Amino acid sequence: MSTVGASAPRKSWSCCWPAWAAWAASCSSRSTSRRPSCAPTAWTCASASSPTASASRRRARNPLEDWKQRLAASSDGAPLDAFRDWARAKRPGRPVFVDCTSSEDIALAYPSLMEAGLHVVTANKKANAGQWSHYRKLRETASRHQRRFLYETNVGAALPVIDTLKNMLRTGDRVLRVEGILSGSLSFILGLTEEGVPLSQAVGTAMEKRFTEPDPRDDLHGTDVARKVLILARELGRQVELEQVTLDSLLPPDFDATGPLDDFLARLPQVDAAFQRRVETLRAEGKVLRYVGSVTEDGCFVGLVPVPLTHPLAAVKGGENALSFTSERYSPTPLVIRGYGAGAAVTAAGVLADVLRLVDGPLP
């Protein structure tokens, strides 16, 4: 098995390289015959029997510890043509393209990568949350070329959300409602505000821990959660576009969130006082704020919801996700999945699990 991974424009790398480092370290630790080779634009983990193994050994002195410095010194983008040419020329047994970026350009390239013979494992939500036509093209291309397309980490990091939903549907269950906290970064941020931490400071802490998207506005506006809700709705067979998801931003509508990221972060303290007053008012009523996403027969919704302290979602914070599936089988008590859904370590574990599932399992 050979695995190649995409790099993206440098702005897309802030949350993906820790995941890559963890994945590559895990890959190399599974066997003494495997060593990762590192270049600024790609990771390659080659089996000892492959033609690239000797090259991997020669480049084994490229350590994982200084990837940040080498990445910062590099201006290279993602060599997608090189990946496609490599797959066509080498024809390895199970070539796997792993995308840990948030790049839309790379997501749009998946069909051509599959046509070249590569399977795709991705943590990038842009493909499954893009236009419906691209969503269908991905699945048609994968089927036509007998390639696997795995994306468990699109919702809930390493939590078995997508797999559970697929298994419910495969076995004939009818899912009536999906609801929960789908953003580990927002559960972390809102948990801090309950402790009296200003919203802007909580966002900064989440960024330092790499819990947020590369641009935290994707989290605060609800765009990232909306993508996850859209993905779940499409798994249920609904032909929905992102614009059809009803979205309530965590930020006030009159707040200027435009412009460069640094400028936005400098203005963010302007909302601290009003947001903290809202938190304290709800506390006096025995409630907390939670950012909830839901898919029902009436549509898709994403937004801030006051929930009583007695509600199960009130206890979900600190980077956790919690998701409930109400179906014909799981009713009135829903099936619930809960656990950490933010951070490089859990995301890397989910990506690696998809890679191992592809390597160990049958092909289409």
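The values are calculated or read from the model by the stated rules, or taken from the named source; none is laboratory data. Just so you know, these numbers come straight off a predicted model, no measurement behind them. Virtual Cβ from ideal backbone geometry, glycine too; neighbours counted across all protein chains shown.
Quick notes on this one:
- Answer residue from region 89-109, given it is of a type outside the set (Lys, Arg) and in a helix (DSSP H, G or I) and is surrounded by the most Cβ atoms within 10 Å (Cβ to Cβ) among those: ILE106
- Scanning region 332-360 for residues that are out of contact with any strand residue (DSSP E or B) (no Cβ under 7 Å at 6 or more places or on another chain) and either closer than 30 Å to VAL203 by Cα or in contact (Cβ under 8 Å) with a residue 60 or more places away in the chain (or both) returns ALA342, GLY343, ALA344, ALA345, THR347, ALA348, ALA349, GLY350, LEU352, ALA353, VAL359.
- Residues of region 282-300 satisfying the condition of being crowded, with 19+ Cβ neighbours inside 10 Å and farther than 13 Å from LEU190 by Cα: GLY293, SER294, VAL295, CYS300
- Filter pass, ALA142 being touching a residue at least 60 places away in the same chain (Cβ under 8 Å), in contact with a Ser or Thr (Cβ under 7 Å, 6 or more places away or on another chain) and of a type in the set (Gly, Ala, Ser): no
- Residue match in region 346-360 (condition: within 21 Å of ALA226 (Cα to Cα) and touching a Lys or Arg at 6+ places or on another chain (Cβ under 7 Å)): no
- Condition broken by GLY130, with the remaining ones in (1) modelled with pLDDT under 95; (2) surrounded by fewer than 22 Cβ atoms within 10 Å (Cβ to Cβ) satisfied: (1)
- Residues located in region 194-230, provided they are surrounded by 19 or more Cβ atoms within 10 Å (Cβ to Cβ), among the β-branched types (Val, Ile, Thr) and in a loop (DSSP other than H, G, I, E, B): THR212
- Counting the residues of region 144-175 that are surrounded by fewer than 23 Cβ atoms within 10 Å (Cβ to Cβ) and part of a loop (DSSP other than H, G, I, E, B) gives 10.
- Residue within region 270-279 that is over 12 Å from GLU194 (Cα atoms), assigned by TED's automatic domain parsing to the domain that holds SER185, under 27 Å from the mean Cα position of the chain (by Cα) and crowded, with 17+ Cβ neighbours inside 10 Å present: no
- Options SER112, SER185; residue that is out of contact with any Ser or Thr (no Cβ under 6 Å at 6 or more places or on another chain), in a helix (DSSP H, G or I) and either small (Gly, Ala, Ser) or modelled with pLDDT under 95 (or both): SER112
- One residue stands out in region 170-197 among those that are among the aliphatic types (A, V, I, L, M) and farther than 15 Å from ILE231 by Cα: the one that is nearest to the chain's Cα centre (by Cα), namely LEU186.
- Set LEU265, LEU313: member being in a helix (DSSP H, G or I) and surrounded by fewer than 17 Cβ atoms within 10 Å (Cβ to Cβ): LEU265
- Here ARG338, ARG329, ARG290 are screened, and the one residue that is part of a loop (DSSP other than H, G, I, E, B), modelled with pLDDT of 95 or more and within 18 Å of VAL178 (Cα to Cα) is ARG329.
- Residues that are within 21 Å of the chain's Cα centre (by Cα) and either assigned to a loop (DSSP other than H, G, I, E, B) or closer than 23 Å to LEU309 by Cβ (or both), drawn from region 240-262: VAL240, GLU241, VAL245, ASP248, SER249, LEU250
- Some residue of region 259-276 being over 20 Å from ALA202 (Cβ atoms) and modelled with pLDDT of 95 or more: yes
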